[in-house]
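No lab work stands behind these numbers, since they all come straight from the coordinates. Quick caveat, the model's predicted, so the values are computed rather than measured. Positions of Cβ are backbone-derived with ideal geometry, glycine not excepted, and every protein chain shown enters the neighbour counts.
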Amino acid sequence: MSGALTTIVLASPESSANHSLILWMICGIVSLFFLTFVLLTRRSWRLPAGSTPPQIATDRAERSCDAVLSVCALLIPATLGLLTWLHEKIGVGSYMIPLAFALVYFFALLIFTAHLRFNFLWRYNSTFEVSSQKNLRFGYWLTTATSSIVLGLILMSIPVLQLGFGWLKVKELPVREPPVKIECSAGFSEPAPVRPCYPASIPPARPHRPRTSN
């Protein structure tokens, strides 16, 4: 129905419980991927014996941190806005599970980046070395930044996929009839002119004559 107000509702309580279980499993798998990437960080920064650790320019690392902070400043309000919009439409639903995990990833990345930018990098003037035995905090930050942004965006897309799969359906509400405006237009004609009233003419009184007897 054209012009109908729409809102999003869940299909049924049973399907809502099943969808919540599936979403919990998806978020658990995503978390396992994240932990796996973090645990593999040390191995990825191992260098062959006798090789020189790479030198990282401090200003380059600072610019990278500033870029990640800007991304977090964009993704966190976007996630909160999407969560608020869906809550207004359907209340509490299974969509809150992936969005809550996405917020955790974004806030963890924001805190880690702020610590690295304003605490760790200030110790070095120009360059610093990174290896599996030295300054690996920067390597963990690189893994956290890439993993949190990618996995968080995947979790943010799950509510849209729920709409596509029919887990969230659009319900049409009855159309509210607009109030009827009644316009009363009464024409008022000018009153007819009042004819002037003149006093009636009274004949003059006749003199009274006494009666005479015959």
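Numerical summary
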read-out: Single match in THR58, THR84, THR41, THR79 (criterion: of a type in the set (Val, Ile, Thr) and touching a strand residue (DSSP E or B) at 6+ places or on another chain (Cβ under 9 Å)); value: THR58
read-out: Filter result for the condition that a residue is under 22 Å from SER31 (Cβ atoms), touching a Phe, Trp or Tyr at 6+ places or on another chain (Cβ under 9 Å) and either assigned to a helix (DSSP H, G or I) or free of Cβ contacts under 8 Å to residues at least 40 places away in the same chain (or both), over VAL104, VAL150, VAL160, VAL68; value: VAL68
read-out: Residue tally, condition loosely packed, with under 15 Cβ neighbours inside 10 Å and either among the charged types (D, E, K, R) or under 27 Å from LEU155 (Cα atoms) (or both), over region 43-68; value: 8
read-out: Top-ranked residue in region 31-62 [being closer than 27 Å to TYR105 by Cα and part of a loop (DSSP other than H, G, I, E, B); ranked as farthest from the chain's Cα centre (by Cα)]; value: ARG46
read-out: Region 69-85 - residue that is touching a helix residue (DSSP H, G or I) at 6+ places or on another chain (Cβ under 6 Å) and not polar (S, T, N, Q) and, of those, surrounded by the most Cβ atoms within 10 Å (Cβ to Cβ); value: CYS72
read-out: Residue within region 81-92 that is closer than 20 Å to ALA145 by Cα and among the β-branched types (Val, Ile, Thr) present; value: no
read-out: Subset of region 107-119 that is in contact (Cβ under 8 Å) with a residue 24 or more places away in the chain and of a type outside the set (A, V, I, L, M) - its residue that is surrounded by the fewest Cβ atoms within 10 Å (Cβ to Cβ); value: PHE107
read-out: Qualifying residue in region 45-67 (condition: of a type outside the set (A, V, I, L, M) and closer than 25 Å to ALA100 by Cβ); value: no
